[in-house]
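So the structure is just underneath, and the comments pick up after that.
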Amino acid sequence: MFSLDEKNLQAKDGLTNKIQLLIIGRLLVLFLLLLGTWVWNSGHLKLSFNDFPQSLFWVFLIFVGFTIVYFFILRLNKEYDWQIRIQFLIDALLITWLVWRTGDLSSPYITLYVVLIAISGMFLRSHETLLLAVTCIVFFVLLSVSTVSLWIDSFGTAQTTPRMIQILAFHIVVCLVVGMLASRLSERRHSGDQKLRETQKTLVNLRALHERIVESIRSGLITTDLEGKIYTFNLAAEEITGHQAEIMNGKNITALLGNIENAIKNSLEILAQGEHPPRFETDIITPEGFAVHIGYGISPLFDNSGETSGLIITFQDLTDIRSMEESVRRKDRLAAVGRVAAGLAHEIRNPLGAMRGAIQVMQSHIPAESTQGSLMEIIMRESDRLNKIITNFLTYARPRVNNFSEVDIRESMNDTITLLKHSPDIGENHLLECELPENPVHISADPTQLKQIFWNLARNAIQSMPKGGKLSVNLQKSISNRVQIIFQDTGCGMSPEQVEQLFEPFSYSTTGGTGLGLSIVYQIIRDHNGTINVRSQEGVGTTITIDLPTEIRIHNPLLEAEKIKNSGQSSRLENFLTIKNE
């Protein structure tokens with residue numbers, strides 16, 4: 001899309017080129033005329049300086065001087081229309097001087113008036129062309145009258161009055177006819193230029209409208225030719241894929257979507273049958289190496305003749321939708337786990353406690369060095385491990401009472417990093433970086449649970465780098481009164497399937513444990529009305545982003561009752577408790 005200034009600049013550049021062509025063409029015509037006259041005067045190709053047309057040569061030299069002046073003025077002055085008018089006026093004067101010096105009424109160069117008028121039709125407007133024709137006639141008549149009346153010297157053959165009138169009348173008629181024809185040509189040229197400008201303006205507006213429509217579409221849109229070469233890549237496509245349009249234009253669509261020949265074939269066949277085109281799904285790898293799940297459709301692109309000239313591919317980012325679907329499925333599974341958690345855990349703990357007590361009694365009567373003592377020690381350790389699993393499971397499944405208060409999140413992060421630095425998991429090849437704001441960052445949260453989140457994520461990151469690596473922790477304020485905590489490691493990374501199951505209980509563990517740690521993290525963040533996002537690539541590392549609100553409004557009946565009690569409103573407290581008891 002071109003701006004108004006750009007279009008004006010292009011128009012001025014075109015007019016400048018036309019003026020330059022006029023200046024150079026004038027000089028070239030005079031040179032050819034000078035050479036032709038010299039050959040004509042010599043009567044053969046063997047030229048003689050005695051036959052050299054001196055008057056025409058002086059005119060040529062004068063035009064050379066004017067050419068230099070014209071180019072100089074062209075660079076300094078932008079009044080192009082006046083430059084053209086002045087140049088044609090000077091041309092008429094010099095032609096009159098040349099006609100006078102080469103025989104006035106009998107001069108062979110009177111025809112140059114006609115040439116000048118004809119050429120002016122390509123540069124001047126209609127009325128200006130007619131005015132130049134009249135000017136040439138006036139100059140020629142004044143010259144003729146002046147030489148016949150002996151006001152100036154005559155360099156031609158004396159003419160009788162009838163002969164003079166005949167010559168004048170003939171050339172006046174020729175100049176007028178050529179002037180009218182050139183004027184008509186100028187009028188048609190200007191009319192054509194006007195229509196061309198209007199057409200160009202319409203095309204520019206249509207192109208601008210087309211570009212605005214394409215860029216305003218919130219779905220990714222790509223157009224290709226029949227060979228799959230991309231030539232349209234809208235703004236939404238850039239935002240979804242992370243690829244820039246100037247880089248993707250000219251590339252084949254397979255570089256972005258992979259081999260989609262079967263998808264193209266199926267779409268075109270189904271569209272030819274008049275049915276709704278199918279939708280396909282695939283993963284796109286961003287320049288940063290992360291996968292984006294998209295759904296796309298393919299339609300043919302038609303030209304003016306109705307022939308298929310390319311393809312239109314529209315697509316949407318389904319990553320968030322699939323994430324929400326998975327979140328809903330995960331919550332359903334968690335709800336089912338929660339319903340059976342308490343009863344099942346207690347039912348297991350009761351026989352486990354009895355078994356542990358019986359083993360302890362037996363262990364007191366058997367030497368520790370014996371085989372039976374070793375086996376009983378193994379049973380004790382495994383029962384402790386089983387008890388720990390049940391404890392974690394109950395922590396995960398039972399409703400928790402959150403002790404929300406205003407805390408500086410930097411303190412929780414500092415405490416976590418300090419503990420982590422003294423952890424036995426940290427080796428010499430591990431590098432910890434923690435970037436925190438200088439000013440306090442207060443949020444409404446449970447400080448104990450915050451530390452649990454940070455510890456689990458940091459410890460998992462360290463254990464994903466057994467041979468060493470870098471863990472970066474970054475805290476920054478986000479928009480809409482929210483904060484972001486980013487854990488980024490250079491560990492082994494995870495596959496898309498592992499990321500999908502990361503927060504499910506008993507499904508994934510980097511430590512060899514039960515896999516409940518990250519499930520508890522997910523539930524704590526959900527209780528804080530926050531979100532957690534995981535991006536990982538195998539062999540590259542993992543980035544986990546936590547987004548938490550600075551203020552949380554939690555409906556807790558016990559806390560509300562405590563507030564009412566403290567405010568001295570005993571009657572309201574009694575009513576409140578009565579309602580809750582009912």
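The values are calculated or read from the model by the stated rules, or taken from the named source; none is laboratory data. Computed from a predicted model, the values in this text were never measured in an experiment. Backbone-built Cβ (ideal geometry, glycine too); neighbour counts: all protein chains shown. For the accessible areas, the whole protein counts, side chains as well, though only heavy atoms, and no ligand, DNA or RNA atoms are used. Shrake-Rupley method; radii C 1.70, N 1.55, O 1.52, S 1.80 Å.
Give the aspartates and glutamates reachable from Lys388 as a straight Cα distance under 17 Å; neighbours fewer than 8 places away on the same chain don't count. Once the sequence-local aspartates and glutamates are set aside, what remains near Lys388 is Glu347, Glu377. The residues neighbouring Leu235, those whose beta-carbon lies less than 15 Å from its own, together hold a net charge of -4 under the Lys/Arg +1, Asp/Glu -1 convention. Ligands, DNA and RNA aside, Val177 has an accessible area near 70 Å² when probed at 1.4 Å.
Please give the net charge around Leu132, taking every other residue with its beta carbon less than 11 angstrom from that of Leu132, where Lys and Arg add +1 and Asp and Glu add -1. Cβ neighbours under 11 Å give a net charge of 0.
For Ser219, what charge total do you get from the other residues with a beta carbon under 13 Å from its beta carbon, if Lys and Arg give +1 and Asp and Glu give -1? Walk me through the numbers before you get to the answer.
Numbers: positive: Arg218, Arg279; negative: Glu215, Glu238, Glu239, Asp317.
Computed value for this residue: -2.
Exceedance of the 25 Å cut-off in Cα-Cα distance is limited, within the set Lys251/Lys470; Lys201/Lys229; Lys421/Lys467; Lys18/Lys78; Lys195/Lys229; Lys201/Lys251, to Lys251/Lys470; Lys201/Lys229; Lys195/Lys229; Lys201/Lys251.
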